[in-house]
């Protein structure tokens, strides 16, 4: 079991964008989430869904305090210089409300569809680490591109920089890194402001992207590993978890049994009930579960998938009340 003590104790709650039907419905959902007490809206980085940065700028424009972020960008999809431009622009246009999540990518079909080479995991992780380093360099650079110097001088155009100065060594927005493997969690522990311990594992022998939910014991081990990588930083890091399922029910065991059957009994009922990435029960039971998980794992930042935003919302004021 991991050490239960961490100075970052206040909860934050967020949800993932799952689909955008229209500007009106999307911005209405964002405002609804803000009223319900959510802190952040996240956009993923997959083919077939909304492009992350335009969606996040629209979400921030529609709300007063809702932070926005990527959970997470696929490092293989982004050129560092072009991504730095996107990040700086989004941070400026959202008034410094951006959180930048980065990952190594795991859906092989997306690489094939986009015409991007599918590399072994180690190479993808190294690409992620290199991207973080290059973004930090670009955000910290005192000079812009030399070719634009005359244009900037003639027209008084400043070099675009992120508004925030917390992440990337004090030069950009907060950095989120998420995953389950040793390489990714080492990067997260050493570099990230927010460490996201992923709630799923690749099924062995199945196509890349075929996942199963992590158990409590696996979460124990992965959090302990990430904390060792963070070292003395561990108490200053915000520990994040992505919730895979939320079911409000008076019968936790019955709901877990239904899920076990749906998943082909890859996990037992007991494993599903114990997983920190599945929330089953009454509002009170789920609130108690999250309080217990804060003590066990240090998780204080939670994201639920968009379809569960309304179901999870009553839990938020209960946890706000206990701090």
Folded to 0 to 90 degrees: helix 182-191 orientation relative to the chain principal axis, Cα: 60 degrees
DSSP beta bridges in the chain [antiparallel fraction, %, rounded to 5]: 10 percent
Residues 269, 68 arranged by fewest to most Cβ contacts within 10 Å: 269, 68
Whole-angstrom gap from the stretch 36-86 to the stretch 275-289, using each part's C-alpha centre: 28 Å
In degrees, nearest ten, helix 252-262 long axis to first principal axis of the chain (Cα): 70 degrees
Percent RCO, i.e. relative contact order, over the chain, from Cα pairs under 8 Å lying at least 6 residues apart: 21 percent
Choice from 246, 195, 72 with maximal GNM fluctuation in the chain (Cα, 10 Å cutoff): 246
Nearest 10 degrees, 0 to 90: helix 216-230 Cα axis against the chain principal axis: 30 degrees
Ranked list, fewest to most other Cβ atoms within 10 Å of each Cβ, for 108, 204: 204, 108
239, 109 arranged by Cβ crowding within 10 Å, fewest neighbours leading: 109, 239
GNM result for the chain, Cα springs below 10 Å: residue of 52, 120, 80 fluctuating most strongly: 120
The chain - mean residue ellipticity at 222 nm from DSSP helices (-39,500 (n - 2.57) per run, n ≥ 4, rounded to 500): -13500 deg cm²/dmol
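Throughout, read-outs are computed from the coordinates displayed, never taken from laboratory work. Treat the numbers as computed from the prediction; the structure is a model and nothing was measured. Note: ideal-geometry Cβ built from the backbone for every residue, glycine included; neighbour counts use all protein chains shown.
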